[in-house]
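What follows is a short report on a single structure.
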Amino acid sequence: MQHFVDIAQFNQVELLELLNSAQDSLEQPVEQCLQNHFVANLFFEPSTRTRCSFEIAAKRLGAKIINLDSSCSSAQKGETVMDTITNLQAMGVTHFIIRHQQNSLVDEVAAHVGDSAHIINAGCGTSQHPSQALLDMLTIQQHKKNFADLSVAIIGDMKHSRVAHSDIAALQILGVHKIHLIAPVNLLPTDIKQTGITVFNNIDEGLADVDVIMTLRMQKERMQAGIIPDATEFFQQYGLTPARLALAKPDAIVMHPGPMNRGVEIANDVADGKQSVILQQVTNGVAARMAILAATVT
Ligand code: NCD
């Protein structure tokens with residue numbers, strides 16, 4: 001695999017192969033397949049989980065990693081991302097893990113570098129966050145037998161969420177037939193493939209008998225001032241509380257990509273409760289990112 005830019009670049013078989021590789025890395029010693037490789041983390045937006053887990057994944061595969069702090073890099077002097085990359089390539093960097101506010105930037109960079117480097121999307125604008133989708137699918141697979149039989153509810157700000165866009169695409173590739181999108185009209189996505197999707201404005205109806213619940217942060221940084229929903233009101237109407245969780249199947253799992261805004265999209269008792277797999281998602285983040293990095297060299 002040259003680049004990892006969009007979850008939709010994979011068919012079902014390829015996605016299942018990546019999931020197997022991620023699961024193997026949790027169960028078996030891993031090969032140091034990135035020894036002698038330099039990997040650069042280029043994050044132009046804040047990150048805790050994604051940046052650190054890519055760093056740990058790269059190190060576990062034997063790579064050396066450079067973390068470029070965009071706030072004190074030459075980006076501040078007007079250098080383009082492409083120029084930053086070609087300069088780092090000139091120093092021997094082979095892999096670029098990129099998070100950026102522009103939807104199309106990672107695709108453009110991948111097209112530009114061709115096969116001279118590996119470009120990995122760590123979250124772009126509102127459009128794609130494919131490594132999050134991979135770790136989310138891995139987490140679901142660890143709890144549920146068969147993707148095709150699942151019903152999955154996604155609650156909250158899907159319009160601005162790159163996680164939702166990539167998760168919906170991944171669920172569709174893996175054959176999930178029942179996806180419930182639960183949100184007020186102004187936070188629903190307008191640009192997704194509608195296969196298997198039902199929209200609910202009422203959370204109680206949307207949660208009935210689902211197997212998996214994904215909660216999302218309100219992406220205030222991507223909203224225009226004036227249209228940001230009130231946090232208290234949002235929690236009253238769409239917050240995942242223990243009473244609402246009880247409407248799903250008794251063995252339903254609760255997911256969140258982080259960072260959580262407790263008391264806005266999710267109650268403390270649910271976030272820390274026994275159906276929550278949120279920290280398992282974080283552990284799986286390292287495994288999924290090892291699978292992605294390893295797939296570039298094997
Ligand atoms: C998400 C992101 O950056 O898109 N976080 C993550 O990578 N785990 C979700 C968010 O910021 O709310």
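Mean separation of Cα pairs under 8 Å and 6 or more residues apart, divided by the residue count, gives the chain a relative contact order of 22 percent. The length gained on full extension between Arg222 and Asn67, counted as 0.36 nm times the residue separation minus their Cα-Cα distance, comes to 53.3 nm.
When Lys249, Lys159, Lys145 are arranged by Cβ crowding within 10 Å, least crowded first, meaning fewest neighbours, the order is Lys145, Lys249, Lys159. Cα-based values for the chain, radius of gyration first and Dmax second, are 19.0, 57 Å.
Ellipsoid semi-axes for the range 1-67, based on the Cα gyration tensor and the rule √(5λ), read 21, 17, 12 Å when sorted largest first. In the chain, helical runs assigned H by DSSP with n ≥ 4 each contribute -39500 (n - 2.57); averaged across all residues and rounded to the nearest 500, the mean residue ellipticity at 222 nm is -11000 deg cm²/dmol.
Using the Cβ atoms and a cut-off under 14 Å, what net charge is assigned to the surroundings of Ser47, where Lys and Arg are +1 and Asp and Glu are -1?
Once positives and negatives cancel, what remains is +2.
Reducing the range 281-298 and the range 87-152 to their Cα centroids gives an inter-centroid distance of 11 Å. Toward the positive end of the charge dipole of the chain, with +1 on the Cβ of Lys and Arg and -1 on the Cβ of Asp and Glu, the farthest Cα among Gln35, Phe4, Val113 is that of Gln35.
Size of the range 155-200 from its Cα atoms: along the principal axes, largest to smallest, the extents are 27, 20, 16 Å. Per-residue 3J(HN,Hα) values for the range 211-217, derived from phi via the Karplus relation 6.51 cos²θ - 1.76 cosθ + 1.60 with θ = phi - 60°, read 9, 9, 10, 10, 9, 9, 6 Hz in sequence order (x marks Gly and Pro). For the listed residue pairs Lys144/Lys220; Lys193/Lys249; Lys64/Lys159; Lys145/Lys193; Lys144/Lys193, the alpha carbons are over 30 angstrom apart in Lys144/Lys220; Lys64/Lys159. Label separation (Glu205 vs Ser47): 3.8 nm, computed from points 7 Å beyond Cα along the C-beta direction.
Using the Cβ-Cβ distance between Ala90 and Ala246 with R0 set to 45 Å, the FRET efficiency works out to roughly 0.20. Note on the chain: with a GNM built from Cα contacts shorter than 10 Å, the maximum mean-square fluctuation among Gln28, Gln237, Gln281 falls on Gln28.
Just add up the charged neighbours of Arg289: K/R +1, D/E -1, any other residue whose Cβ is under 15 Å from the Cβ of Arg289. The answer is +2. Residues whose amide H lies under 5 Å from that of Gly125, counting only those 5 or more places away or on a different chain, are His100, Gln101, Gln102; hydrogens are built 1.01 Å from N in the peptide plane.
In the elastic network of the chain, a GNM with C-alpha springs shorter than 10 Å, the most mobile of Ile154, Ile227, Ile119 is Ile227. With kT/(6 pi eta Rh) evaluated at 4 °C and eta = 1.567 mPa s, and Rh the Kirkwood radius from Cα pairs, the range 15-120 diffuses with a coefficient of 87 µm²/s according to Stokes-Einstein. If only the Cβ of Lys and Arg carry +1 and only the Cβ of Asp and Glu carry -1, the dipole of the range 31-159 around its Cα centre is close to 400 debye.
Residues considered: Val81, Val13, Val93. Largest GNM mean-square fluctuation over the chain, using C-alpha springs under 10 Å, is found at Val13.
Taking other Cβ atoms within 10 Å as a rough exposure proxy, His256, His37 sort from fewest to most as His37, His256.
For Lys178, the aspartates and glutamates whose Cα falls under 20 Å of its own Cα, not counting residues fewer than eight places away in the same chain, are Asp136, Asp149, Asp157, Asp167, Asp191, Asp204, Glu205, Asp209, Asp211, Asp251.
Counting charges near Ala169 (Lys, Arg +1; Asp, Glu -1) among other residues having Cβ under 12 Å from its Cβ returns a value of -2.
We did not get these values from a lab; they are worked out from the coordinates using the rules stated. Treat the numbers as computed from the prediction; the structure is a model and nothing was measured. Glycine gets a Cβ as well: all are built from the backbone with ideal geometry, and neighbour counts include every protein chain shown.
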